[in-house]
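The values are calculated or read from the model by the stated rules, or taken from the named source; none is laboratory data. None of the values given here were measured: they were computed from a predicted structure. Counting neighbours? That spans all protein chains shown, and the Cβs are built from the backbone with ideal geometry, glycine included. Ligands, DNA and RNA are stripped out before the accessible areas are found, and what is left, the full protein with its side chains, is counted by its heavy atoms. Shrake-Rupley method; radii C 1.70, N 1.55, O 1.52, S 1.80 Å.
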Amino acid sequence: EVDFPQKVWGIDEEFLVVSGNYRVPWLNTQLSFAARLDLLLESMDGFQLNVDQRLGERHFVGFDFIQSRPHFDGDSIFNIFSIQPFTELSLRYQLRILAGLHAYSRFGYRRMWSYSEIGESLQLIEEDEDGKAFTFLLGTTLQWQRLHATLELYWFSGYGGLKIGGDFHAELRPLRWLSLEGRVSVIGFQDDQRSDAFVTTLGLQLGGKVRFAKGVLLHLLAENNVSQLYQGDLRFLAVLDVEVSP
């Protein structure tokens, strides 16, 4: 276990996020970065650098560098679900097939880290363990005036196990005040740290948004997840969103 530094503020999180971008006009290259600083722990939680290059009218390529080092408050329950630090390098490609229709892919190399000292220094996973992983994403998106749909297939293999799956999401706006949406997800995973069994999960979502007046929006959602671990996990969600300004 790692004992993170104690804070006298109790459950308190204070962050400073800095981001910026620049376009190189003669190369048509887009450069962007973002950094997140934890002011209480005086540490950097994350850093991201992106390079995007347009090739002609239909082709786009990109490069990403991501380093994630999340910290959480010592009294917060989120410590239980803390994300393991990692560094990832990835390449992206996007193709514009037609107006409103795009296909894209992403391949990444990820290296997991562990905290070697109290909350700060990082070291690789133990030498007898393989701390690297590979990620791959293939997707397509359709954007029309009243319809938006996305289909993604993904694969993760390496440290921690294997995860493969697909996700389809669609949103239809038949009226200006009404929006209908649905999602179907299929995920199969094998966790090397807990079990060698391969588990498949099916998730279904159906819902919509109703706009009663300007600034008043009702969100409705029904969701059910079925897996080899449980027969069903049905839940309903309703949120009334009211926008008020002086």
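Annotations
- Selection of the range 147-181 for residues being in a strand (DSSP E or B), over 30 Å from residue 210 (Cβ atoms) and not basic (Lys, Arg) yields 153, 154, 155, 156, 157, 158, 161, 162, 164, 165.
- Among the residues here, residue 189 does not qualify as closer than 29 Å to residue 91 by Cα, in contact with a Ser or Thr (Cβ under 9 Å, 6 or more places away or on another chain) and modelled with pLDDT of 90 or more.
To keep it simple, each residue is scored yes or no on (1) surrounded by 11 or more Cβ atoms within 10 Å (Cβ to Cβ); (2) at pLDDT 80 or above; (3) in a strand (DSSP E or B); (4) more than 22 Å from the chain's Cα centre (by Cα).
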residue	(1), (2), (3), (4)
7	yes, no, no, yes
22	no, yes, yes, yes
50	yes, yes, yes, no
54	yes, yes, yes, yes
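- Among the residues here, residue 86 qualifies as modelled with pLDDT under 90, of a type in the set (A, V, I, L, M, F, W, C) and surrounded by 13 or more Cβ atoms within 10 Å (Cβ to Cβ).
- Under the condition of being open to solvent by less than 40 Å² (accessible area, probe 1.4 Å) and either hydroxyl-bearing (Ser, Thr, Tyr) or on the phi > 0 side of the Ramachandran plot (or both), the residues counted in the range 171-206 number 3.
- Residues (over 30 Å from residue 188 (Cα atoms), open to solvent by 70 Å² or more (accessible area, probe 1.4 Å) and at pLDDT 90 or above) located in the range 213-240: 240
- Residue 145 falls short on exactly one of the conditions (1) open to solvent by 50 Å² or more (accessible area, probe 1.4 Å); (2) at pLDDT 90 or above, and that condition is (2).
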